[in-house]
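Take a look at the structure below.
The values are calculated or read from the model by the stated rules, or taken from the named source; none is laboratory data. Quick caveat, the model's predicted, so the values are computed rather than measured. Methodologically, a virtual Cβ is constructed for each residue, glycine included, from the backbone with ideal geometry; neighbour enumeration extends over all protein chains shown.
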Amino acid sequence: MLVMNVVGARPNFMKIAPVAEALREAGVAQYLVHTGQHYDEKMSHLFFDELGIPTPDLNLEVGSGSQAAQTAEIMRKFEPVLLEVKPDVLIVVGDVNSTMACALVAAKLNVPVAHIEAGLRSFDRSMPEEINRVVTDSISDLLFVSEPSGMKNLSNEGVAGDKVHFVGNVMIDTLLHHRASAEASDIRSRLGLEATANYALVTLHRPSNVDNPAVLGGWIRALGALSHELPVVFPMHPRTRRNAIEAGLEPELQSLTISEPLGYLDFLNLMSRSSVVITDSGGIQEETTVLGVPCLTVRKNTERPATITFGTNRLIGNDPKDLLRAARQVIRGPRRVGRLPALWDGRAAQRIVEVLVDRLARARSLGLAS
Ligand code: UD1
C-alpha cells in the first residue's frame, strides 16, 4: 500500500506532519510531493525541520502566479508524477490551490482522493479557498472532518455518509505535540518584549485585507492606535509586506514590532502568551481556541464556526474602528473561557490512518485496488 501526500503552502505543513508520522507508525509506505506554492525559507523549509516532516520526495517548484496560472501549473506538473508513482490513495489537506489542483488531477486519473479538513464552508465564494474547498470535497472519495459544522455542510450538499468521517483536527495534533517545546523558544526576548509584558499578536495576508492599499492602510492605522496601549507584534507575510511598501505605508508601521514570517515554535510561543491575537488566518482561529487566547478575526465570516461557539474567537468584520473597540474591550475586560470542540485531542491523524488502512484493505480484498 502506497499513500501519496501533497503539501504546497504554509498551513499545509502543520496538517501533514502528524499524518506522515501516523502513517510511519502504521508501517504504511508514503511519497511526499511539495508543489512549491510556498518557497521562501521562512514560509516553507523551516517547518519541515521544526515539525520533523520527511523531506519531500519531489518538489514541483511551481512558485507564485495568478489563481489560474498557479493552479494550472500545479496540475500540469503533478499529472506525470501521479502516473509514474501510482499511489493507492492521494491525501490532500486544507484549502489552498495545491489542495484543489492535485485533487482534480487524481480524480481524473481515478486515483482515490482523501481530503483532510473537509466540509468547512465560509459560504463566501469571493474567497479562493472556498472554491478550493467546494471543488475538492465534491471529487473526494474519503472526507475527514474536523468540526461539527463540516458534517452538516457535507450532508446538506448530499455527500454520501459512508465517505465522511468525523475525526477531529490534525492541526491541533501538531499544536499539542509541540506545545512544550515551543515554551523553550526565546522569541519574546529576541523581539524585545519584556517577560511579563502584555502584547497583541497580528497576522494579515488575505487578499481582501491586504491587496487594496486603502483597506490595508485602515488596518495598519488601527494597529498603530492600539500600539499606544500595548506592544503590537506583527510577523508579516511576504504579500502583506510587499503591498505595504508599495502603498507607502512604511512610516505607519514604525510604532509596531514588525518581523519576518516566524517559524512554528516561535509563533506558538508568542501566541500562547499574547493578550489578544488579531488575524485573518483560518488555522490561527483554531489554535487560539485550544490555547484559550482571545482571537479577533478580521473577516466577515468564518468557515470554522466551532471557534466561535466553543472557543475564544470573535468576528470583527471589515471596519478598523470595530477592531480597535473590540481589542480594547478584550485587553481591559475579563477573559472569556472557551471549551474544546469534540475530538480536538491530539489523535486525529491516528483516526485517519485507521480509516485509510481499513478502506484500502477492504478494497484490495474485493480486487478494487492494485
Ligand atoms: C496561500 C493560500 C491561503 C493560505 C496562505 C498561507 C491559496 C489560494 N491561498 O495564500 O489559503 O492561508 O497561503 O500563507 O492557496 N510569497 C512569497 N514567498 C512565498 C510564498 C508567497 O514571497 O514563499 C508571496 C508572493 O508574492 C506571492 C504571494 O506571496 O505572489 C501570495 O502567495 P500565494 O501562494 O499565491 O498565496 P498566499 O497569499 O500565500
Checking the structure you have, find out if any residue of segment 5-27 is closer than 24 Å to ILE284 by Cβ, within 16 Å of the ligand (Cβ to nearest atom), part of a loop (DSSP other than H, G, I, E, B) and among the aromatic types (Phe, Trp, Tyr). no
Filter pass, LEU256 being among the hydrophobic types (A, V, I, L, M, F, W, C), surrounded by fewer than 19 Cβ atoms within 10 Å (Cβ to Cβ) and not assigned by TED's automatic domain parsing to the domain that holds MET43: no
Just to check your reading of the model, which residue among PRO54, PRO80 is outside any loop (DSSP other than H, G, I, E, B) and away from the ligand (no atom under 16 Å from the Cβ)? PRO80
For HIS45, state whether it is within 14 Å of the chain's Cα centre (by Cα) and either more than 16 Å from the ligand (Cβ to nearest atom) or free of Cβ contacts under 8 Å to residues at least 40 places away in the same chain (or both). no
Boolean, ALA180 is without any contact (Cβ under 8 Å) to a residue 60 or more places away in the chain and surrounded by fewer than 22 Cβ atoms within 10 Å (Cβ to Cβ): yes
Taking LEU262 as the residue in question, decide whether it is within 14 Å of the ligand (Cβ to nearest atom) and outside the structural domain of HIS165 (by TED's automatic domain parsing). yes
Is it the case that GLY27 is at pLDDT 95 or above and within 20 Å of the chain's Cα centre (by Cα)? no
Going through (1) within 12 Å of the ligand (Cβ to nearest atom); (2) in contact with a Phe, Trp or Tyr (Cβ under 9 Å, 6 or more places away or on another chain) one by one, GLN70 fails only at (2)
Condition set β-branched (Val, Ile, Thr) and within 14 Å of the ligand (Cβ to nearest atom), scope segment 274-314, selection farthest from the chain's Cα centre (by Cα): answer is VAL298
Scanning segment 83-108 residue by residue, those closer than 16 Å to LEU2 by Cα and free of Cβ contacts under 8 Å to residues at least 60 places away in the same chain turn out to be LEU83, GLU84, ALA106
Could you please let me know if ASN198 is under 21 Å from VAL293 (Cα atoms) and surrounded by 14 or more Cβ atoms within 10 Å (Cβ to Cβ)? yes
Among the listed residues GLY119, GLY94, GLY63, identify the single one that is small (Gly, Ala, Ser), closer than 20 Å to ALA306 by Cβ and within 12 Å of the ligand (Cβ to nearest atom). GLY94
Selection over segment 225-242 where residues are surrounded by fewer than 22 Cβ atoms within 10 Å (Cβ to Cβ), more than 18 Å from GLU194 (Cβ to Cβ) and of a type in the set (S, T, N, Q) yields a count of 0
Scanning for something more than 21 Å from ASN110 (Cα to Cα), surrounded by fewer than 20 Cβ atoms within 10 Å (Cβ to Cβ) and more than 17 Å from the chain's Cα centre (by Cα), does segment 68-81 turn up at least one residue? yes
